[in-house]
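Quick notes on the structure that follows.
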Amino acid sequence: MGEVSGHERDLKRLVVPDVGRLHATGDPWEPYQLVAPDGQVVEPVAVYFKDLLAASSPATTLRSYGMDLLRWWRFLWVADVEWDRARREDARDFMLWMKLANKPARVHWRHRGKDPGQIPAPRPRPGQLPPGTPNPVTGKPTIGPKYAASTRAHCETAVRIFYDFHLERNTGSLLVNPFPLERSRHGQSLKRSNEHHNPEREYRHQRKGRYRPTVPERVPRRIPDDKFTEVFAGLRSHRNRALLAFWVATGARAEELLTSCQSDALVGEQTIGVIRKGTRDYQQLPASPDAFVWLRLYQEEAWRKGAPRGHKELLWWTLRRPWRPLTYHAARAMFTRANELLGANWTIHDLRHTASFRMANDPEMSLLYVKEILGHKYLSTTQKYLNPTQDEVIAAGLAHHVRQQQRRDNPPPAPPSPAYNPDSLSVLFGGPLT
């Protein structure tokens with residue numbers, strides 16, 4: 001592919017290869033590195049990551065931003081444009097490419113490094129739905145071939161903030177931010193997001209970037225009680241049953257529950273301690289009695305097999321030797337296998353939504369308590385769970401149509417004719433009736 005300028009670039013034929021990578025180092029001082037195709041670390045990104053770490057950003061934030069920057073760098077490598085020479089046309093073409101192009105297919109580890117023409121096409125699994133098709137059980141669409149609007153919006157924001165950081169440091173005299181802010185109605189000054197913000201209210205999500213797409217508001221989905229019972233029955237171990245019981249009882253995020261140690265599960269107080277994702281604070285969460293029953297069954301079974309035991313040891317481990325802490329990806333794979341038995345596509349985060357709906361719709365539980373248990377910063381976030389779910393809306397609409405059909409099939413009897421007024425008859429016949 002020849003090098004072309006931003007004005008002459010043919011986006012229809014542009015293929016962005018899967019080159020470079022985001023390397024997880026395992027070093028807490030430098031958790032992730034953006035590595036170029038020649039094996040060299042991209043220094044501007046390394047400096048930016050160091051600044052994020054100093055600002056108390058967790059490693060997960062670095063990974064999230066790093067995936068967006070890797071996507072932008074791959075585009076620049078194909079276009080043969082240096083990162084500090086990128087212009088607005090390059091950013092425009094990049095966002096257009098993300099909107100119109102298909103996501104790169106993930107290559108199996110057995111075929112990595114091979115010629116793309118020698119890699120066989122992936123075989124669909126039995127019963128696998130086409131990308132983007134709504135699941136018949138949950139109603140949630142499967143992952144489509146295009147980049148989602150939320151992915152494109154997050155990428156635009158991450159790259160724009162990266163350039164703002166280097167502009168503030170005066171990295172280069174010719175450096176400009178290729179991702180502009182959206183101009184005001186009169187086209188003279190740039191909008192300041194939440195310029196007159198009331199500190200007692202939640203920040204409004206405003207379009208700050210000109211190329212930032214509009215992201216539709218997601219409707220939280222919960223797992224109906226009958227379907228949750230079916231998923232729970234499909235689990236194969238006491239550990240998995242204990243995990244699901246705690247997730248749906250506490251409303252903790254998946255990775256938060258995996259941070260618990262054995263001393264954090266207090267059976268007498270019926271609480272379990274977790275480390276919160278954003279603030280990294282330690283918090284005890286109330287849980288249901290059956291969750292501790294499944295936990296005890298799992299612990300007794302694991303300890304007999306030789307799993308680590310001790311107050312400071314982690315609570316969740318793999319089921320086979322060598323004993324390793326249970327990771328989020330392993331837990332998600334477990335829940336995905338249980339989903340496949342029902343042909344559903346719920347996620348672990350839907351368990352948090354399920355717990356949130358259950359607590360928020362309990363008339364005897366204050367919404368302020370629910371907010372603290374879920375770890376929400378604003379009460380407006382918790383209030384979303386007071387709205388009816390899509391399943392409830394559909395069920396109410398279907399019941400309405402059934403009632404309408406019943407009224408048409410069985411119309412009410414005609415009202416009886418009104419009786420004669422005796423006073424009118426008296427006037428008509430000239431005297432009282434005998």
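The values are calculated or read from the model by the stated rules, or taken from the named source; none is laboratory data. Predicted model, so just to flag it, every value in this text is computed and none were measured. Positions of Cβ are backbone-derived with ideal geometry, glycine not excepted, and every protein chain shown enters the neighbour counts. In case anyone asks, the SASA skips ligands and DNA or RNA and just uses the protein heavy atoms, side chains included. Shrake-Rupley method; radii C 1.70, N 1.55, O 1.52, S 1.80 Å.
See the values below:
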| item | result |
| --- | --- |
| Per-region count, the stretch 351-372, residues open to solvent by 60 Å² or more (accessible area, probe 1.4 Å) and of a type in the set (Val, Ile, Thr) | 0 |
| Condition check for ARG85: at negative phi and modelled with pLDDT under 95 | yes |
| Residue that is surrounded by the most Cβ atoms within 10 Å (Cβ to Cβ), among those in the stretch 274-296 that are in contact with a strand residue (DSSP E or B) (Cβ under 8 Å, 6 or more places away or on another chain) and of a type in the set (S, T, N, Q) | GLN283 |
| Scan of the stretch 19-49 for residues that are among the charged types (D, E, K, R) and closer than 16 Å to MET67 by Cα, ordered by number | ARG21, GLU30, GLU43 |
| Any hit, the stretch 120-135, residues being modelled with pLDDT of 80 or more and either buried (at least 18 other Cβ atoms within 10 Å of the Cβ) or more than 30 Å from ASP225 (Cα to Cα) (or both) | no |
| Among (1) among the hydrophobic types (A, V, I, L, M, F, W, C); (2) over 25 Å from ARG280 (Cα atoms); (3) not in a helix (DSSP H, G or I), the one test that ALA24 misses | (2) |
| Matching residues, the stretch 297-317, being under 17 Å from GLU256 (Cα atoms), of a type outside the set (Phe, Trp, Tyr) and either without any contact (Cβ under 8 Å) to a residue 12 or more places away in the chain or open to solvent by less than 80 Å² (accessible area, probe 1.4 Å) (or both) | GLU313, LEU314, LEU315 |
| Residue pairs meeting the criteria (Cβ under 7 Å; at least 6 apart or on separate chains; first free of Cβ contacts under 8 Å to residues at least 24 places away in the same chain, in the stretch 8-36; second part of a loop (DSSP other than H, G, I, E, B)) | VAL35/GLY20 |
| Residue that is farthest from ASP51 (Cα to Cα) [pool: residues in the stretch 139-160 that are aliphatic (A, V, I, L, M) and touching a residue at least 12 places away in the same chain (Cβ under 8 Å)] | ILE143 |
| Test: residue in the stretch 282-294 that is assigned to a loop (DSSP other than H, G, I, E, B), in contact (Cβ under 8 Å) with a residue 40 or more places away in the chain, over 30 Å from ASP226 (Cβ atoms) and not aliphatic (A, V, I, L, M) | no |
| Unmet requirement for TRP323, which otherwise passes all of (1) in contact with a Pro (Cβ under 7 Å, 6 or more places away or on another chain); (2) crowded, with 18+ Cβ neighbours inside 10 Å; (3) assigned to a loop (DSSP other than H, G, I, E, B) | (2) |
| Filter result for ASP350 (in contact with a Pro (Cβ under 9 Å, 6 or more places away or on another chain), in a helix (DSSP H, G or I), closer than 24 Å to GLY273 by Cα and charged (D, E, K, R)) | yes |
| Residue within the stretch 29-45 that is β-branched (Val, Ile, Thr), part of a helix (DSSP H, G or I) and in contact with a helix residue (DSSP H, G or I) (Cβ under 6 Å, 6 or more places away or on another chain) present | yes |
